[in-house]
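Trainee: Here it is, the structure, as structure tokens.
The values are calculated or read from the model by the stated rules, or taken from the named source; none is laboratory data. As the structure is a prediction and not an experimental result, all values here were calculated from the model. A quick note on method: Cβ atoms are made from the backbone with ideal geometry, for glycine too, and the neighbour counts reach across all protein chains shown.
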Amino acid sequence: MMTQGYSLNRQTAAAALLAPPLLFIGLFFIVPLINLFWVSLHGASSSELFGANLTGDNYYRILTDSFYHTIILRTLWAGMTILLLCLVLGYATAYVIAPLPPRTRLILLLLLVAPLMVSNVIRAYGWIAILGRQGVVNSLLRSTGLIDGPLLLLNSFEAVAFGLMTILLPYMVVSIVNALNAIDRQYSEAAQSLKANPVRTFIYVIWPLSSPGVASGMLLVFLLTLSAYVTITLLGGPRMKLLVSLVFDSVTAFRWPFAAALSFTLLTLALLVAGLILAVLRPARVQGRG
Amino acid sequence: MRALLVALAIASYTFVLLPILIVVVTAFSASEFFAFPPKGLSLRWFEAFFASDSMRGAFARSLQIATISAVLATILGTMAALVIARRKGWIVNLVQSAFLAPLIFPAIVLGLSLLIFYKRIGGVPEFIGLIIAHSVLGLPFVVRSVTSSLLAVDPALEEAGQSLKASPVDVFRFVVMPLIWPGMLAGGIFAFILSLGELNTALFLTGPGVTTLPIEIFSYLQFQGGQLVIAAASAIQVFMIIAIVLVAERLIGLKRIVRSE
């Protein structure tokens with residue numbers, strides 16, 4: 001009896017503690033999301049937020065209109081380019097940082113993590129100052145007499161991909177450093193004692209064991225790419241649109257149901273690519289082997 | 001091979017740090033327009049920043065929203081973590097994923113869903129709406145860091161407090177909180193910093209006359225690009241973050257700062 005009363009008490013205490021945060025996240029995260037989906041299943045209305053009748057027209061249009069296919073493919077292409085660049089630069093950087101003494105490693109990581117705290121609008125502004133018409137690169141080139149007129153380095157796909165890559169790169173480095181440091185050194189020593197050369201040791205031992213870090217870094221980078229409206233607009237200019245730009249454009253045109261449908265297209269894309277990353281890297285196979 | 005890796009690492013650091021460095025240096029320009037290196041140094045753009053009502057207002061509003069949403073996220077996140085860290089089972093796992101989801105959820109969708117939700121319930125003042133959005137985004141940082149602090153606390157300590165007939169509130173105040181406050185502080189600081197620079201939900205939830213500093217900088221860049229006052233606004237935010245990191249390093253240690261992001 002005593003113990004039962006005690007555990008019942010703990011049960012109520014746990015429920016009382018959990019109720020407020022759960023209510024908060026339910027009311028301001030989950031309910032609005034369900035509502036957004038509901039809105040996406042309606043037509044537009046001139047007086048209300050959305051029309052009266054249920055319809056799949058918004059999704060039908062996105063699936064059949066080649067304009068949206070172009071934008072979705074461009075979004076995927078941008079994501080892949082950013083992922084590849086982040087993977088190469090991030091892995092190399094992590095590989096250099098990971099074996100350093102703890103204090104040095106922490107300070108070097110801080111130099112990458114602190115910029116993540118700076119607003120993306122400021123970091124994109126930095127690239128405008130460097131790559132813009134009157135920017136650092138153009139002034140340097142002009143003062144050396146290499147060019148006559150300014151090079152147009154902004155407002156392009158390349159500017160968006162490169163700029164976003166530099167903004168998101170620290171996530172990749174930090175995840176891979178954590179994964180590399182979790183690998184027991186005995187594994188690579190064992191591989192070496194079996195006469196595996198460094199390349200084979202990397203391919204068969206280090207790379208698979210670091211895959212959880214690579215996977216979580218890639219997930220973060222891709223998902224944050226999908227949302228990066230401000231960076232895309234500032235570096236890509238008015239014509240370089242990705243999926244997120246269309247969401248914003250629909251909102252400024254007050255086409256709420258269509259904006260909602262585009263949002264769910266974006267979420268579907270996020271889920272598909274996340275699934276693909278996990279299927280290819282299979283990070284779960286390392287779980288529990290520390 | 002080694003040389004190539006080091007070269008790539010140096011390139012990474014340059015790509016990440018250079019844009020911020022350029023903005024900070026530009027903020028001290030004496031000239032009317034952007035030039036690099038700046039022709040002469042001055043504080044005139046910082047004066048211009050504080051003389052501009054819209055900039056100063058956005059800055060003050062950003063600080064208020066960041067403070068309130070960080071406190072809210074810390075309170076709610078700690079409550080959730082106290083249950084998550086001490087219980088097992090699929091329900092707890094599900095609850096935990098719900099709290100951590102905003103960490104990877106495309107924030108632009110959260111912003112739009114909240115905007116439409118606010119409209120449907122009859123409108124919410126922008127200031128309150130932004131605080132709610134930033135609390136949702138800050139929660140996962142608190143849940144994560146407090147949960148990991150709690151997992152390092154021996155549950156026997158709490159049981160000892162309970163067996164001495166201390167109320168749950170007293171157990172928390174005198175036993176648990178003194179042990180987990182670095183985790184709470186780390187989570188709260190991250191929620192604060194996140195709110196200060198947040199763009200994706202603020203894009204939808206700010207309104208005419210009620211903007212945050214990052215959105216103010218964004219609209220300046222879009223419509224009056226040459227103004228160096230935005231460099232000063234940016235530099236002020238960078239200096240604040242440096243100050244916060246230095247204080248946090250003293251209070252909670254470098255390891256926690258680097259891990260929590």
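Trainee: So, in segment B:84-105, of the ones that are in a loop (DSSP other than H, G, I, E, B) and touching a residue at least 12 places away in the same chain (Cβ under 8 Å), which residue ends up farthest from the other protein chains (Cβ to nearest Cβ)?
Mentor: Filtering first and then ranking leaves B:85.
Trainee: On to the next question. Which of the residues that make up segment B:1-57 are among the basic types (Lys, Arg) and surrounded by fewer than 12 Cβ atoms within 10 Å (Cβ to Cβ)?
Mentor: B:2, B:39, listed by residue number.
Trainee: On to the next question. Residue A:259 versus (1) in contact (Cβ under 8 Å) with a residue 40 or more places away in the chain; (2) crowded, with 22+ Cβ neighbours inside 10 Å: which is the lone unmet condition?
Mentor: Among (1) in contact (Cβ under 8 Å) with a residue 40 or more places away in the chain; (2) crowded, with 22+ Cβ neighbours inside 10 Å, the lone unmet condition for residue A:259 is (1).
Trainee: Does residue A:105 satisfy the criteria of being part of a helix (DSSP H, G or I), charged (D, E, K, R), more than 12 Å from every other protein chain (Cβ to nearest Cβ) and more than 18 Å from the chain's Cα centre (by Cα)?
Mentor: no
Trainee: Counting only residues that are more than 7 Å from every other protein chain (Cβ to nearest Cβ) and not β-branched (Val, Ile, Thr), which one in segment B:19-28 is nearest to residue B:227 (Cα to Cα)?
Mentor: B:27
Here is a yes/no grid of residues against (1) of a type outside the set (Ser, Thr, Tyr); (2) modelled with pLDDT of 95 or more:
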| residue | (1), (2) |
| --- | --- |
| A:3 | no, no |
| A:34 | yes, yes |
| A:62 | yes, yes |
| A:70 | no, yes |
| A:103 | yes, no |
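Trainee: Determine the pairs where a residue that is within 12 Å of another protein chain (Cβ to nearest Cβ) and over 14 Å from residue A:167 (Cβ atoms), located within segment A:230-241, has a partner that is modelled with pLDDT under 95 and surrounded by fewer than 19 Cβ atoms within 10 Å (Cβ to Cβ) with Cβ atoms under 7 Å apart, the partner being 6 or more residues away or on another chain.
Mentor: What qualifies is A:237/A:155.
Trainee: Restricting the search to segment A:177-190, which residues are modelled with pLDDT of 80 or more, away from chain B (no Cβ under 14 Å) and in contact with a helix residue (DSSP H, G or I) (Cβ under 6 Å, 6 or more places away or on another chain)?
Mentor: A:183, A:187
Conditions tested, residue by residue: (1) within 27 Å of residue A:224 (Cβ to Cβ); (2) out of contact with any Leu (no Cβ under 7 Å at 6 or more places or on another chain).
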{"residue": "A:21", "(1), (2)": "yes, no"}
{"residue": "A:64", "(1), (2)": "no, yes"}
{"residue": "A:73", "(1), (2)": "yes, yes"}
{"residue": "A:101", "(1), (2)": "no, yes"}
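Trainee: Continuing with the same structure: Identify all residues within segment A:175-209 that are closer than 22 Å to residue B:257 by Cα and among the hydroxyl-bearing types (Ser, Thr, Tyr); write none if there are none.
Mentor: Within segment A:175-209, A:175 is the sole residue that qualifies.
Trainee: Here's something else I'd like to know. Counting residues that are more than 18 Å from residue B:64 (Cα to Cα), which helices (runs of 4 or more DSSP H) fully inside segment B:151-261 reach at least 3?
Mentor: Answer list for segment B:151-261: B:155-163, B:168-171, B:177-197, B:213-223, B:229-252, B:254-260.
Trainee: Right, another one. Do the conditions hold for residue A:174, that is, is it in a helix (DSSP H, G or I), away from chain B (no Cβ under 11 Å), buried (at least 19 other Cβ atoms within 10 Å of the Cβ) and touching a residue at least 60 places away in the same chain (Cβ under 8 Å)?
Mentor: For residue A:174, the condition - in a helix (DSSP H, G or I), away from chain B (no Cβ under 11 Å), buried (at least 19 other Cβ atoms within 10 Å of the Cβ) and touching a residue at least 60 places away in the same chain (Cβ under 8 Å) - is not met.
Trainee: Among the numbered criteria (1) within 9 Å of chain A (Cβ to nearest Cβ); (2) out of contact with any Gly (no Cβ under 7 Å at 6 or more places or on another chain), which one does residue B:77 miss?
Mentor: Here residue B:77 clears every test but (2).
Results for (1) more than 8 Å from chain A (Cβ to nearest Cβ); (2) more than 26 Å from residue B:132 (Cα to Cα), shown as yes or no for each residue.
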site: B:192; (1), (2): yes, no
site: B:202; (1), (2): yes, no
site: B:209; (1), (2): yes, no
site: B:221; (1), (2): no, yes
site: B:233; (1), (2): yes, no
site: B:247; (1), (2): yes, yes
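Yes or no, residue by residue, for (1) within 8 Å of chain A (Cβ to nearest Cβ); (2) part of a helix (DSSP H, G or I):
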position	(1), (2)
B:9	yes, yes
B:12	yes, yes
B:16	yes, yes
B:33	yes, no
B:37	no, no
B:49	no, yes
B:57	no, yes
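Trainee: Can you tell me which condition residue A:157 does not meet? The list is (1) without any contact (Cβ under 8 Å) to a residue 60 or more places away in the chain; (2) over 16 Å from the mean Cα position of the chain (by Cα), and all the others hold.
Mentor: Of (1) without any contact (Cβ under 8 Å) to a residue 60 or more places away in the chain; (2) over 16 Å from the mean Cα position of the chain (by Cα), only one is false for residue A:157: (1).
Trainee: Sticking with this structure for a sec: Check A:95, A:68 and return the single one that is touching a residue at least 40 places away in the same chain (Cβ under 8 Å), among the hydroxyl-bearing types (Ser, Thr, Tyr), within 8 Å of chain B (Cβ to nearest Cβ) and part of a helix (DSSP H, G or I).
Mentor: A:95
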